[in-house]
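The values are calculated or read from the model by the stated rules, or taken from the named source; none is laboratory data. Note that this is a predicted model, so its numbers are computed, not measured. A quick note on method: Cβ atoms are made from the backbone with ideal geometry, for glycine too, and the neighbour counts reach across all protein chains shown. Please note that ligands, DNA and RNA were not included when accessible areas were found on the heavy atoms of the full protein model with its side chains. Shrake-Rupley method; radii C 1.70, N 1.55, O 1.52, S 1.80 Å.
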Amino acid sequence: VREDGRVRSRAVMIAAGINEKGTREILGLQIGDTESEASWDVFFMELKQRGLDGVDLITSDQHGGLVKAVRTHFQGVTWQRCQTHFMRNILDASPKALRPEIKAHARTIFEAANEQIGRELLEKTIATFIDKAPKAMQVMEEGFDDATAVLALPADVRVRTRTTNAIERLNGELRRRERVIRIFPNRDSVLRLFGALLMEQDDKWTTGKKYVDLNAYHTWRRPQTK
């Protein structure tokens with residue numbers, strides 16, 4: 001963005017959610033100086049001031065500032081570490097020759113029936129690879145709880161909530177349009193373009209088919225809220 005006669009890199013923060021009907025919504029868009037805890041803090045504060053409540057699960061990557069802001073503004077809400085990003089972290093720490101095998105083991109853990117089984121699979125995986133890939137096993141063990149938070153939810157909703165893949169695809173479309181412009185003349189022009197694209201996407205989600213069936217989730221959630 002061109003500001004004060006100079007071209008500056010800025011962060012665009014976007015939140016999307018799944019409402020009680022199982023339909024996706026764009027919750028908000030904001031431009032920050034950087035993707036810092038302070039920027040996410042302002043963004044989340046604005047979302048809550050506009051009426052966002054009833055949040056039960058937040059899925060994101062492990063960006064330090066983002067996670068800290070989530071825990072500040074949404075206390076008691078479950079944070080799910082994106083399994084796609086977590087898998088990359090595990091594989092980056094793995095010897096190349098072992099990556100396919102470790103990936104298969106990690107996927108089995110992510111798809112476990114429940115947390116107890118997932119932990120048992122984790123222990124077996126660590127026992128298998130601890131000598132050959134100690135760094136990868138350390139990453140896997142340290143991130144297990146956050147990356148498998150969705151195992152506490154009904155199986156019907158896990159696939160849609162365990163990664164940030166859906167919003168990454170949305171980000172990819174915004175980047176595709178942004179590359180054409182390259183340099184925005186000001187922040188308002190960013191908001192006009194991205195805002196229009198996100199409004200169009202929100203309309204498609206609202207009028208399209210349901211993103212996830214939440215019947216099992218509501219049944220599971222009901223006794224916990226009494």
Radius 11 Å from Cβ of V67, net charge of other residues (Lys, Arg +1; Asp, Glu -1) = 0
Accessible-area value, L91, 1.4 Å probe, nucleic acids and ligands omitted, Å² = 30
Hey, if we sort M45, M13 by accessible area with the 1.4 Å probe, largest down, what's the order?
-> M45, M13
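Out of the total accessible area of region 96-226 (probe 1.4 Å, heavy atoms of protein only), what percent is carbon and sulfur?
The C+S portion of the solvent-accessible surface of region 96-226 is 50 percent.
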Measure of exposure for V180: accessible area at 1.4 Å probe, Å² rounded to 10, is 120
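For D146, D92, give me the order by solvent-accessible area with a 1.4 Å probe, most accessible first, ignoring ligands, DNA and RNA.
Correct descending sequence by accessible area is D92, D146.
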For region 101-183, one quarter of the surface area of the C-alpha convex hull, expressed in nm², comes to 7.5
Assign one of three labels to the chain, namely rounded, prolate or oblate, based on the Cα gyration tensor with a ≥ b ≥ c the square roots of its eigenvalues; rounded applies when a/c is under 1.5, prolate when it is not and a/b is larger than b/c, and oblate otherwise.
-> oblate
Spin-label proximity, E101 to region 115-150 - amide N less than 12 Å from point 7 Å beyond Cα toward beta carbon = 128-133
Pairwise centroid distance, computed over Cα atoms, of region 28-59 with region 144-175, Å = 18
Which whole-number value in Å² is the accessible area per residue of the chain, probe 1.4 Å?
-> 59
Modelled label-to-label distance, S9 and R88, 7 Å Cα→beta-carbon offset: nm?
-> 1.5
